[in-house]
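Reading through the C-alpha cells given below for one structure.
The values are calculated or read from the model by the stated rules, or taken from the named source; none is laboratory data. A quick note: this is a predicted structure, and the numbers were derived from the prediction, not measured. Positions of Cβ are generated from backbone atoms using ideal geometry, with glycine treated the same way; all protein chains shown enter the neighbour counts. Heavy atoms of the whole protein, side chains included, go into the accessibility calculation; ligands, DNA and RNA do not. Shrake-Rupley method; radii C 1.70, N 1.55, O 1.52, S 1.80 Å.
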Amino acid sequence: MESSELLELLDLESPYDFSYFEHFADLVECQAFIEYEDFYMVLSETPSEILCELSETYFDDILANLPDNIIDIYTLLTNIQKCLIGLASNEKTLEDRRLFVDELYKFHNWYTLEGMVHCFRKKDGVMLHVPIFEALALCRLEKLNEDSYEYDFSDCLEYELDSYSMNLSSVIHAVYETDEDDGDDSEIEDTAYSDGLVDLENPVIDNEYDDEY
C-alpha cells in the first residue's frame with residue numbers, strides 16, 4: 001500500500017489530521033500490509049496526549065466486548081494497552097515517538113495479519129480461522145444475539161512487550177490509583193515515586209534522557 005493510499009483509506013489529507021478514534025481503528029485494523037515508514041508517517045504529527053487517549057479508548061472498546069471466560073487474551077490486550085499508554089505518556093523526543101510507533105506497528109501486524117484465532121460455531125460445528133480483530137468482531141456480534149462461538153486464542157498468545165514502557169505504566173497507574181482511592185494528595189507525596197522520580201503531569205523517570213540533550 002502506497003502512502004497516498006493509506007492517507008485515503010484513513011480519510012486524511014495529511015498526518016496532521018490524524019486525531020479521531022476512527023483513524024486509529026482503521027489504521028490498526030487495516031488488512032493490507034503497510035510499510036513501516038508509511039505507518040510512522042501517519043502517526044508522526046499527532047500530539048502524544050491524543051495518541052495516549054486513542055490507545056486507551058480503542059482498547060477499552062475491544063476489551064468491553066470480550067467474553068468473561070477468555071482470560072489470556074484479555075490480559076494480553078490489557079498489557080498491550082498499558083504498554084502503548086506508557087510510551088505515549090512518556091514521550092519527550094522523536095525517538096520516543098518512534099518507540100510508540102514500533103509498538104503499535106507490531107500490534108497491527110499481530111492483530112490483523114499474523115495472529116490466527118480458531119472459532120468454533122456452536123450451531124453447526126463449523127470451525128473458522130480468522131485474524132484476531134475479526135474474532136473480536138464476532139465477540140461483539142454475539143452480544144447482539146448473532147451466532148455463538150467458542151474461541152481458541154492459543155496460537156496467538158506469543159507477544160513480546162516492551163519491558164521499560166510496561167514498568168513505567170505500572171508506576172503511573174499505581175500512583176494515580178493511590179490518588180483515586182484516598183482522595184488525598186498527601187498520600188501520593190508519601191510514595192516512593194513522588195521524591196522526584198515521577199512528575200504526574202509529565203511522567204518521565206529522572207535522568208532517562210540526559211544523553212539526548
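Listing for the model above:
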| quantity | calculated |
| --- | --- |
| Test: residue in region 115-129 that is open to solvent by less than 50 Å² (accessible area, probe 1.4 Å), assigned to a helix (DSSP H, G or I), at pLDDT 90 or above and more than 24 Å from Glu37 (Cα to Cα) | no |
| Considering residues of region 130-164 that are among the hydroxyl-bearing types (Ser, Thr, Tyr) and more than 21 Å from Phe33 (Cα to Cα) only, the residue surrounded by the fewest Cβ atoms within 10 Å (Cβ to Cβ) | Ser163 |
| Count of residues meeting criterion [in a helix (DSSP H, G or I) and within 19 Å of Lys106 (Cβ to Cβ)] in region 135-166 | 8 |
| Residue among Glu29, Glu45 that is open to solvent by 50 Å² or more (accessible area, probe 1.4 Å), in contact with a helix residue (DSSP H, G or I) (Cβ under 9 Å, 6 or more places away or on another chain) and closer than 16 Å to Arg97 by Cβ | Glu45 |
| One residue from Asp96, Asp60, Asp72 being modelled with pLDDT under 95, assigned to a helix (DSSP H, G or I), exposed (fewer than 14 other Cβ atoms within 10 Å of the Cβ) and out of contact with any strand residue (DSSP E or B) (no Cβ under 6 Å at 6 or more places or on another chain) | Asp72 |
| Cβ pairs under 8 Å, 6+ apart, first in region 48-75 and under 23 Å from Glu142 (Cα atoms), second in a loop (DSSP other than H, G, I, E, B) | Asn65/Lys143; Ile70/Phe153; Asp72/Phe153; Asp72/Leu157; Ile73/Leu66; Ile73/Phe153; Ile73/Leu157; Tyr74/Leu66 |
